[in-house]
Amino acid sequence: MALFTLKPGKSLILEVAEQFAHALYAVALMAAFIFPIPAWGAALLSIGMGILRELEQKSWDWTRIGRMDMFFWALACVIFTVVFYAL
């Protein structure tokens, strides 16, 4: 079983652009929540909102959540948190 696969009929360029948009959305959410709460809390809140967003898109079916979408969402949160604490 493949961990990540392209959706049928979707080009690689479109898939990369979609994953970049997921990461950008995660970073935007973290930037919005970074000052009232710590960066690690903003990361957890952003990941939680990403999971809720995926569940809503997939009719609340846990088995249909996009693994690649959530991977890039979480990766953006981790990178943002590491950079925030490193600076």
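In a solvent-free Debye calculation with one equal scatterer on each Cα, what is log10 I(q)/I(0) for the chain at q = 0.12, 0.16, 0.22 Å⁻¹, listed in the order of the q values? Once normalised to I(0) and log-transformed, intensities are -0.39, -0.65, -1.06.
Between V83 and Q57, residue separation times 0.36 nm minus the direct Cα-Cα distance comes to 6.3 nm. Counted as membrane-span-like here are DSSP H helices of the chain whose alpha-carbon atoms extend 30 Å or more along the helix's own axis and whose Kyte-Doolittle mean is 0.0 or above; these are 12-33. Exposure proxy ranking for Y25, Y85, based on other Cβ atoms within 10 angstrom of each Cβ and starting from the fewest, stands as Y85, Y25.
Laboratory data are not the source of any read-out in this text; all were calculated from the coordinates shown. Please read these numbers as outputs of a predicted model, since none were measured by experiment. Quick reminder, even Gly has a Cβ in these numbers, built from the backbone with ideal geometry, and neighbours come from all protein chains shown.
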